[in-house]
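Working notes, beginning with the structure itself.
The values are calculated or read from the model by the stated rules, or taken from the named source; none is laboratory data. As the structure is a prediction and not an experimental result, all values here were calculated from the model. When we count neighbours, we look across all protein chains shown, and the Cβ atoms used for this are built from the backbone with ideal geometry, even at glycine. Ligands, DNA and RNA are stripped out before the accessible areas are found, and what is left, the full protein with its side chains, is counted by its heavy atoms. Shrake-Rupley method; radii C 1.70, N 1.55, O 1.52, S 1.80 Å.
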Amino acid sequence: MNFVTYNLVLLAASFPALFIFSIGVMGLLSPLSLFSKSARLPKAMSLPILGLAGLYQIYFWGLWSAFIVALTYKYTIRLEVTWDWMYFVSGFAWCTALIGWLSHKERQSSESLKEDRGVVSGTFMYSTVALVAYVVFAIWPHLMLAPFGWALDLLGMTKYVAADPFVVVCPQPIPEFTLGYNSNPNEAEVQRLCDCIWANLNSAEKDIARAVAKGVGEISELNLRKFSSRFGSVVEQCGGMDL
């Protein structure tokens, strides 16, 4: 369900993203509409306008990739998630999904072979920008903060990429786990969290926790996934995500 929700959020985010992209491009290219097709636009005017429009698109698709990476970290940090790679592969596909859709629409309205080739060339360039940005930000998420930190702050996403997550090590035989990227509980808060988690696990769950923490015993994948989901719920119940 978490994976489905992740993709639904990206689908919903696509609509305002397309709107913002379209408004920006149309606004930058609007001066060109003042000239009829028969009028020859001076290069001194056309080149800066087209250049700004190109830079805007590069920046926008970089921002779109940064948003997807931040959202991916938001959903994969959850304790019940064990297949992080599925989210990153899906996010990789979403990076170019909007570009592909826009390209399809533009090619349908192309009036010449030259214009069609221009659309294909632009699609390749912007897709490359988006995919390279995605890979770079996925590996080094802090790099997205300089160019796109302002937008991630507005969306409340900075906390998922700003720092390393806080690792909790409990005195009880509980597997190590991480909290939010901005979490920084003191020793007393960590102790209370660990005590609460241990108290809320039943005997069978405690046996699995011991086995996982010590790396001994055989645990079926099904039981491990059930435990991971249950463990995540207990951590949230004990206020771990608020520290």
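Data table
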item: Test for Val81: is it within 22 Å of Ser229 (Cα to Cα), open to solvent by less than 40 Å² (accessible area, probe 1.4 Å) and among the aliphatic types (A, V, I, L, M); result: yes
item: Count - residues of region 213-227 that are at pLDDT below 80 and either within 30 Å of the chain's Cα centre (by Cα) or in a helix (DSSP H, G or I) (or both); result: 8
item: Lone unmet requirement of (1) assigned to a loop (DSSP other than H, G, I, E, B); (2) exposed (fewer than 14 other Cβ atoms within 10 Å of the Cβ); (3) at pLDDT 85 or above; (4) not polar (S, T, N, Q) for Pro173; result: (2)
item: Of residues in region 110-138 being modelled with pLDDT of 85 or more and among the β-branched types (Val, Ile, Thr), the one surrounded by the most Cβ atoms within 10 Å (Cβ to Cβ); result: Val129
item: Lone unmet requirement of (1) under 30 Å from Ser203 (Cα atoms); (2) surrounded by 12 or more Cβ atoms within 10 Å (Cβ to Cβ) for Thr158; result: (1)
